[in-house]
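Scroll down for the structure; my scribbles are underneath it.
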Amino acid sequence: KWYTFWEENQFFHADPSSEKPAYTIVIPPPNITGILHLGHVLNNTVQDVLVRFKRMQGFETLWMPGTDHAGIATQVVVERMLSEKDIKREEIGREKFEEHVWRWKDQYGGTIVRQLKELGCSCDWKRERFTMDEGYSEAVLTAFVKLYEKGLIYKGYRLVNWCPVSKSAISDEEVIHKEKNGHLWHFRYPITGSQEYLIVATTRPETMLGDTGVAVHPKDKRYKKFVGKHVLLPIVNKEIPIFADDYVDENFGTGCVKVTPAHDPNDFEMGQRHGLEIINIMNDDATCNENVPEQFIGLDRFEARKKVLDELDENKFLVKIEDYTHQVGHSERTDAVIEPRLSKQWFLKMEKFAPEALDAVNSGKINFHPERWSKIYNHWLENIKDWCISRQLWWGHRIPVWYKNDKIYCDVKPPEGEGWIQDNDVLDTWFSSWIWPIATLGWPDKTEDLNKYYPTQDLVTGPDIIFFWVARMIMAGLYLKDEIPFSNVYFTSII
């Protein structure tokens, strides 16, 4: 009864021509795949309290609502629904698949909005946004083009979290670490030209097929004499170098580390420092590719693991097996075990953005509540790495880059003429939500809303997305709009 009365009288609708001072909160856009859980209820209750309080104080309040297209989560849900009807997305093609997703969104995407109304949230529903709606999509592509033209976006080979089920790179935030009872396998690598050997230990024996070095600590007296020599890689029968690197913990395991630069982030860094060969041994579905000995080609990674262990044992290279409990990364959406894998992806250079974002919080322009979260924010920004912004999905903002022979074209609008082929990848979901405070208000156009309601005042969110969303919104606001996006961030507890 009352909510209908409020809506009919537009009590929550903000008027940009009003002379009252503005007070703005943007909702952290929930994924269209889900339904609200208690965390959302807590989060939105706090926002509603702030908004209603400011409304009663005489502010022109805007609580901007909306939802997120949630690239990988939505694609997985729709693929699952289609598979029940024996439809595979590869068979129907990209365009038809996207049509199915839009239909699904129209049918199920409104659940969260209905629930927010049920809670009594006083959002301005006339302004509701979706990260894939027309105007918003144009803002996302405009941001990409601006950054690309400034030389801040590049394409290159890097190690990423790879999901073999969705066959896409995924962000750290989409990796769930589960404690698993596994094993630590120890095996011998014979030193060439001698009777001696090094013993290495690993939880992923199949990756040894892509080893290109063995590392020891420079101060480890046990192995100093071997640095500069080579071992013969069992099964592959290839000589690989022994080198010294400070990364190695001489007190862990045997003090010798097998190095597979294409399948481990730390190994990749060591490989870069020492000029090691980088050999990717896996296809996008985590089967072994043609870079491994013939008997392993086409085997699933876990089948390859058994076969590697059998061959090592048979040839007396396997020394011992220990029970080992460790954290194993799984895809949040598909539950597949994540494979660190070298892949060609689009990246955004982050060093350019970090100093200003650090200053915004440390100088007090933006205040965190509780304040302790600023330490974690600072630590991340001080050790920032380039952001992998591409995903090998069909649902999302397709990267606005086209190729024709050796020409590359990048713009919001497609190129004219024949023969241009668009990049297949889509942008990481966070790349669309990092411009949420400005894009929901009409950026890149100079709108009345943007002028009145930006910067916003308060943000209410969970600390689990401090890097993935909060820090990046600060960067985007400062770079694209030359202003902080909000003055206060209130981190709720996690339920």
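The values are calculated or read from the model by the stated rules, or taken from the named source; none is laboratory data. Nothing here was measured: the structure is a model prediction, and the numbers come from that model. Reconstructed Cβ throughout: ideal geometry from the backbone, glycine too, with neighbour counts over all protein chains shown. Just the protein is used for accessible areas: all its heavy atoms, side chains included, with ligands, DNA and RNA removed. Shrake-Rupley method; radii C 1.70, N 1.55, O 1.52, S 1.80 Å.
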Legend entry - Condition broken by N291, with the remaining ones in (1) of a type outside the set (V, I, T); (2) open to solvent by 60 Å² or more (accessible area, probe 1.4 Å); (3) within 27 Å of E322 (Cβ to Cβ); (4) part of a loop (DSSP other than H, G, I, E, B) satisfied: (3)
Inset, instruction - Taking V460 as the residue in question, decide whether it is among the β-branched types (V, I, T) and part of a strand (DSSP E or B). - result: yes
Legend entry - Checklist (1) farther than 13 Å from L209 by Cβ; (2) exposed (fewer than 15 other Cβ atoms within 10 Å of the Cβ); (3) not charged (D, E, K, R) applied to N283, failing item: (2)
Inset, instruction - Being more than 19 Å from K316 (Cβ to Cβ), in a strand (DSSP E or B) and of a type outside the set (A, V, I, L, M, F, W, C) is the filter here, so list the residues in the range 192-235 that pass it. - result: G213, H230
Inset, instruction - Tell me, yes or no, whether the range 452-471 has at least one residue that is open to solvent by less than 40 Å² (accessible area, probe 1.4 Å), touching a Gly at 6+ places or on another chain (Cβ under 6 Å) and at pLDDT below 95. - result: no
Inset, instruction - State whether one or more residues within the range 418-439 are without any contact (Cβ under 8 Å) to a residue 40 or more places away in the chain and out of contact with any strand residue (DSSP E or B) (no Cβ under 9 Å at 6 or more places or on another chain). - result: no
Inset, instruction - Residue by residue through the range 50-71, note down the ones that are in a helix (DSSP H, G or I) and open to solvent by 10 Å² or more (accessible area, probe 1.4 Å). - result: L50, R52, F53, K54, R55, M56
Inset, instruction - Would you please name the residue that is farthest from the chain's Cα centre (by Cα), looking only at residues in the range 121-168 that are of a type in the set (F, W, Y) and open to solvent by less than 40 Å² (accessible area, probe 1.4 Å)? - result: W125
Inset, instruction - Look through E269, E294, E277 and report the one residue that is under 23 Å from I199 (Cα atoms), of a type in the set (D, E) and free of Cβ contacts under 8 Å to residues at least 40 places away in the same chain. - result: E269
Inset, instruction - Scan the range 364-408 for residues that are open to solvent by less than 20 Å² (accessible area, probe 1.4 Å) and part of a helix (DSSP H, G or I) and report the count. - result: 3
Legend entry - Residue, surrounded by the most Cβ atoms within 10 Å (Cβ to Cβ), within the range 432-446, restricted to residues that are under 21 Å from the mean Cα position of the chain (by Cα) and part of a loop (DSSP other than H, G, I, E, B): W434
Legend entry - Residues that are part of a strand (DSSP E or B) and surrounded by fewer than 16 Cβ atoms within 10 Å (Cβ to Cβ), drawn from the range 410-424: I421, Q422
Inset, instruction - Look at E239 and say whether it is of a type in the set (D, E, K, R), more than 21 Å from L309 (Cα to Cα), in a strand (DSSP E or B) and open to solvent by 40 Å² or more (accessible area, probe 1.4 Å). - result: no
Inset, instruction - Starting from the range 470-486, keep only residues that are under 15 Å from N367 (Cβ atoms), then list their pairs with residues that are among the polar types (S, T, N, Q) and buried (at least 23 other Cβ atoms within 10 Å of the Cβ) whose Cβ atoms are within a distance under 7 Å, requiring at least 6 positions of separation or different chains. - result: P485/T456; F486/T456
Legend entry - Pick from the range 182-195, criterion in contact with a Phe, Trp or Tyr (Cβ under 8 Å, 6 or more places away or on another chain) and farther than 14 Å from C256 by Cα, ranking: surrounded by the most Cβ atoms within 10 Å (Cβ to Cβ): H183
Inset, instruction - List every residue pair whose Cβ atoms lie under 9 Å apart, where the two residues are 6 or more positions apart in sequence or sit on different chains, the first residue falls within the range 37-57 and is at pLDDT 95 or above, and the second residue, located anywhere, is in a helix (DSSP H, G or I) and open to solvent by less than 50 Å² (accessible area, probe 1.4 Å). - result: N44/L116
